Structure formats: structure tokens, C-alpha cells
Amino acid sequence: MKKLVIANRGEIARRIFRAAKQRNYSVAVISTEEDSDSLVCKEADCILFVSSFLNATEIVNAAKKWGADLLHPGYGFLSENSKFAEQVELAGIAFVGPTPQNMYAMGSKESAKNMAKKCGVPTLNALLSEDLSKLSPSEWQNELKHRNIFSPFLVKASGGGGGRGMRIVDDVLELPNAIKRASEEAKAAFNDGTVFIERYLTAPRHIEIQVFGDGKGGGVFFGERECSLQRRHQKVMEEAPSTHVNKELREKMGRASLSLVKETKYRGAGTLEFLLDENSNFYFLEMNTRLQVEHPVTENAYQIDLVHAQFDLAEGVWPEQFPNPNEFHLLDPKQVSIEARILAEDPRNQFLPTPGRIKLYIEPESSGVRVDSGIIEGARINSNYDSMISKLIVTAPNRALAIEKMSAALENYVILGCTTNLPFLQNIVRHPDFLVGNESTHWIAKELDLLNQKIIPNCLIELVTSKKFRELLVNILNGEIKQSKINNAFSNQAKCLPNLKGLSAEKEFSDFKIIREPENNKFYLLGNSIDSLLSSIKEVKNSYSFNLKKLIFNSNYTKQNRIPFYAKRLNSEVIQINFFGEYLNIKCPFYELSIVNKNHTGSGEICAPMAGKVIEVLIKEGQLVEAGQVLFIVESMKMQLEVKASGNGKVTNVLVEQGKILSGTDIMAMIALD
């Protein structure tokens, strides 16, 4: 029995764990004490505790002491660190991934650019870290002009990925601060603060090529992935194949990618990232010398298993299901696959992270639907790591069916306890631009207001937020109204409801009922009011977003329309409801609490935007500040956020210091506002 160590956590650790168990490996996972309650720690044969997922020496020593034969780094953390890979192999443990030499050559975006130029692959002009260190900031502007790099600029971390350590800069004078922030963020995420500046394309497509090398110069590629749907350089959804890449372009990009595989004698799975301009010219960006978050869409489109293939190669065998690596193969995708990243963040509140405990968790189940998850109900979303909960992947014979599957799966994905991006994703997959594949890396930013609209009609929201609905729901949740009494209890009480307006015609709703499934958090909303509400909905402004009538459950026995929903009390004040993936947080009518203005406009209180860690304190007591001035830098889920002053004033108290752990909306400072 081979012994494998997984030096990662969350979704990818569980994905690797499943494949390892299918091969009858004994599996240990690396973990920190504060992450020891994670699901993969409960599943593994052994837990190897270290102080940090970035402490290479501790990880290698723990793996060696346990007697590991293999170590899989997953993605993120040390997965692209050549020194770590070298330490692993020097300890006599097989590194499931590229060689240290591969990583050194291609794991750094800067060295990868140089290698691409050597192979004749087009690249974007850049001012590399070596250039930045030789020149003073006052000389950067002339050098950028000399290299035909004009505003806007992209400051980019040389190592890592996931959008961390990246900043778009319009004014050359802002570059020093952007470089400082990007470097700090990259250092925290990947233990490598190296950054550089390159030309920034304003609205390109982001296309990836999946390769797999034999370590001797041979290799194969499995088409492309469309990764253009991004926010702050972080991918939101991916699909394979791309709607914009034809067979001729696929072959050109594949041959360019394999030229780098050959030059570097690349070993195992890797991804080459390209930008595609409006004329279908492609430019090499970087190579990710590891698995990608989005690798499942390639697996499903080409019916392969990249993790098992990695294990095969680590055991000295070329994967049996792969073509001959010494010949060029232009493979056709067999299906269309789309992936959505389910994240603990609030798109309607500047995408702030929403760490916390999952109170209710139900994954969608259907043919062609796959969920790669790192959690179960009751699990904790840890503020010290990234915000990913799971990956939802759908696969179908064509793109239209795949989109239909994704839309239905998102509607049936229930997560209560923290806010997620589920409604945001639903608005994406129903948008006319997405339906025809009209997208770019800037599309989400352009359509953000529309993508953040509620996905259920206003008349339903008004009904659910009414006092009578809230009272009835709370009584059911508290067990004060028994199931047997529900059908008789509502008709008279519900007459107290205010008049509710439908979207097309005024209707007075006088009767509704709430029925709860036995021993479950699933409910049904039904009655005459619901029938009237449905008849009033003729057209929704963003009608592509939601078809309420289509989703209503109609009972043949009662001939009544039923709107299903899920509900869970988050605390004594708030109940969270999920209607087809849309979140509504409603206040318990029996709990009175003074409302604090979270923006603190005029209050003089500066509060943390979320749980996290204070990275930098930029003010001191007695200092005068202006509206919009950055006061603190806070890190949460590996992202740095700026806390700014809401108005002009004088700092009277600074209540936190660098390194302080924030539990939530802690008061960080007091300002006497002008």
C-alpha cells in the first residue's frame, strides 16, 4: 500500500483524496491546528500538523517521518514552489507534479515569458522585476514608453495565481503603491512577493490550454478552456470548449503550448494561459505548473481523469487512456462542460468575504451534474483561507443543454448560514450575452448592476418580508404551531396582510399558507394569495433571469400551486431564506434590536468590513483625515481590503494594532467628524 501526503486543504484535498482511495493508497493530510475541523481531516487516515501550509520544511519533515511515498501539493500554497518540490524529492518522496526544474523555468511568470519568446510564442511587453530593481521609480515612465507599454498597466505577481497580487493602474504615479500592495498580497498567499508590470489589454478573452507532458519532451494537449468570466482577475465560471475557438485556432494554440512542453521536458499536468484579442491574436501570459481549479471541465469534455493520470506518471507509467506523447494529436471534445465557483462572498456588498458556519447544505443531484466540495452541513468557512466552498460542474452533449443543466443546478443548490454568490451566478447563466458566448475579461464589470439584481419578483419579496409571513414562519420554526394545525390557522390571520403589488397589476392577497416538510427545513408557500401572485406576473424586467411560473410545484392531489423554499434561523434576530438560490435575510418580528448603520456615516465609528486580520494601521490619534482616505489594510480569505474614512475629521481613538485578529464588524477607530 502506497502512502500519500496531501499538502493542501478544502475542495482540492478531497478531490485528490478520493482518487487516492480508489487506488488503495493510505492518505495523510497536512493541516494546521485551527483548520483541523475541516472535512478532509475527518476523512483522512492521518493528520500531519504544521504551523502553516506555507512552511515547506515542516511539511517535508512531517511527510518523511510518516513514511510517505508520494506527496501531492494540490493548487495554491506551495504547489508551484520549485524549492519545495526539490525538498520533497531530496527527502526520497515522489512529488506528484512537475520537476523542480520545470517549476523554476515555467512556474515564475517572468521566466516563463522568456522561455515563450525563445520558442517563438507571442507575449505581451513587460517591465520585469529585475528591471524594476535596477531603475528608480522616476525612471519607470520613460522605460515603459520605450517598451511600448502604455496606460492602463497591470502589476502582476510572478508566482501563484487566482488573481492575488494583481493591480490595474491607470496613472504611472500610482505604480509604487500598487507594486507594494500587490507584493504584500502575493507574499501572504504564495510566499513569493516578486511582481512585474506588463501591458494591459482592456477587453480580451482568457483562454487556457491543458497539457500533459511525459517529462522527456513529449506530451499531449486536451483542447482549451474559456476562462473570460472574471472579477478582479479571479475566474468566476469556466467552460470547455470555448465558443470562440475553432479547430484551426485550437491547433495553433496547442502546437505553441507543446513547443514549451518540449523545450522544458515538462512532466505531468500543466496549463498555459493566453489572452485572445478581438482579431483572435493570442499572447502567452504564464504557465500554471499544477492542477487548475477549473480542470474538471477539461476532464468532463474529454472524458479523462487528470488526478489519476498524475498518479500514473508519478508511479512511472504513461496514462493508458492518453494518446502517444511522441505524436501530435488534435483531439475533439466529446461534450460541453461548464464550471461555476461557489464562493462564500456577497456580490451585492462589494464581494466581501462571508466566513462562518454552514447551517444548511444541500447539493444538487442530477445526471451530468458534479459537485467537488470541501464542506458538509455544519462545516466552518475559515476566514484565514480563500472563499471557495465548492465547484459545480455540469456536462451535456451541447452548450445549450449544459447551460440549462447549470441553471437548474444553481436553483437547487441550498446553502444557508453565510451569503454566497449563487444568485450572481444564476444571473450570469441566464444573461443573453452568456447564452451566445459573448464575453470578455471585462464583461462582468460592465454588467455588474444587472448581475446583482434579485432573481425573484418584487411581489414575492414583499410577501415574504411582510410581518404576518415572518410571524408565521417563526412560529413554525419554534414549533409553536404544529403541522396538523397549519392548514386551518392561516386564512383568517393572513387577512391582516397589506396590499401587495404585482409587477403588472395591483392585487390584494388575502390568504396564504406555509407547509413544512416533516423533520426538514424545506417549506412550501401556497394558497389563494400565491395563485393571485402568480397570475399577476406577466413580465419581469430581467425576464431572462427567472421564470417563477416554470418552477412552481403543482400538486395533482390538491391542484394547488406551491412555491418551495428553505429557511433556517441564523441567530435570535435573523432568519435566512432560500428561494431557488436567492437569499433573503428577514428579521424575526419578536426580536427588537437597535439598528446600527454599518456604513457609520456621520457616526465617527470606523468598523471592520468583515472578520480578518489587520495588516497595516495608517493613522494615529490626533491625525486629521479626509473622506475616502485609507485608514487600515485588512486581510481576509487571502485578499487585502482597504478601510476608508467616511468623512473629514480628526482621529480621536485607534482601537486596533497591526496583527490584531478581527472577529467581525469590530470598531477599529473613532473619528470626530467635521
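The values are calculated or read from the model by the stated rules, or taken from the named source; none is laboratory data. The model shown is predicted, which means the values in this text are computed figures rather than measured ones. Heads up, the Cβs are rebuilt from the backbone with ideal geometry, glycines too, and the neighbour counts pull from every protein chain shown.
Tabulated data
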item	result
Listing of helices (runs of 4 or more DSSP H) fully contained in segment 373-471 that carry 3 or more residues being within 18 Å of the chain's Cα centre (by Cα)	399-411, 422-429, 443-446
Failed item in (1) in contact with a Ser or Thr (Cβ under 7 Å, 6 or more places away or on another chain); (2) of a type outside the set (Lys, Arg); (3) surrounded by 20 or more Cβ atoms within 10 Å (Cβ to Cβ), with ALA203 passing the rest	(3)
Residues of segment 51-64 satisfying the condition of being β-branched (Val, Ile, Thr) and in contact with a strand residue (DSSP E or B) (Cβ under 6 Å, 6 or more places away or on another chain)	ILE59
Complete set of residues in segment 425-455 that are of a type in the set (D, E, K, R) and surrounded by fewer than 20 Cβ atoms within 10 Å (Cβ to Cβ)	ASP433, LYS446, GLU447, ASP449, LYS454
Positions within segment 74-122 being surrounded by 22 or more Cβ atoms within 10 Å (Cβ to Cβ), among the aromatic types (Phe, Trp, Tyr) and not in a loop (DSSP other than H, G, I, E, B), in sequence order	PHE84, PHE95
Test result for ALA7, within 20 Å of ALA189 (Cβ to Cβ) and buried (at least 24 other Cβ atoms within 10 Å of the Cβ)	yes
Residue count for segment 238-283, restricted to those that are surrounded by 21 or more Cβ atoms within 10 Å (Cβ to Cβ), touching a Ser or Thr at 6+ places or on another chain (Cβ under 7 Å) and of a type in the set (A, V, I, L, M)	2
Lone qualifier among GLY647, GLY628, GLY622, GLY581 - being in contact with an Asp or Glu (Cβ under 6 Å, 6 or more places away or on another chain) and at pLDDT 80 or above	GLY581
Residues that are of a type in the set (D, E, K, R) and touching a residue at least 60 places away in the same chain (Cβ under 8 Å), drawn from segment 147-203	ARG164, ARG181, GLU184, GLU185, ASP192, GLU198, ARG199
Residue list for segment 10-31, filter: assigned to a loop (DSSP other than H, G, I, E, B) and either modelled with pLDDT under 95 or hydroxyl-bearing (Ser, Thr, Tyr) (or both)	TYR25
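Yes/no per residue for (1) outside any strand (DSSP E or B); (2) more than 30 Å from ALA189 (Cβ to Cβ); (3) assigned by TED's automatic domain parsing to the domain that holds ALA186:
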residue	(1), (2), (3)
GLU616	no, no, no
ILE619	yes, no, no
GLY622	yes, yes, no
LEU631	no, no, no
VAL634	no, no, no
LYS650	no, yes, no
ASN653	no, yes, no
GLN658	yes, no, no
